[in-house]
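Below is one structure, written out as structure tokens; the observations come after it.
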Amino acid sequence: GRGVAATLLLELERRVLDRGLRAVRLEVREDNEGAIRLYQRAGYHPFGRYENYYQDGMSALRYEKALRAFNTESGPR
């Protein structure tokens, strides 16, 4: 609840752009509601799912975000 995950996500996006890449994809446990909310607020969109992705059989949701430009005030868009 202190914004650490959001800060790390923003840094990841900055590094992706620095490498000349324009998109980020990630997987998240289907039951990780907090992370899913964070990714959706940050502009990530679901595009797929991996069944039985985790050792306990939980599925993973796949998210992606296209990074078009970097705004120094709000980060990548």
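Figures for the structure shown
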| read-out | value |
| --- | --- |
| Between 0 and 90°, nearest 10: helix 4-18 axis offset from the chain longest Cα axis | 60 |
| Per residue value of the accessible surface for the chain (all protein chains in place, 1.4 Å probe), Å² | 72 |
| Of 13, 51, 27, the one that fluctuates the most in a GNM where the chain has Cα springs shorter than 10 Å | 51 |
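The values are calculated or read from the model by the stated rules, or taken from the named source; none is laboratory data. None of the values given here were measured: they were computed from a predicted structure. Please note that ligands, DNA and RNA were not included when accessible areas were found on the heavy atoms of the full protein model with its side chains. Shrake-Rupley method; radii C 1.70, N 1.55, O 1.52, S 1.80 Å.
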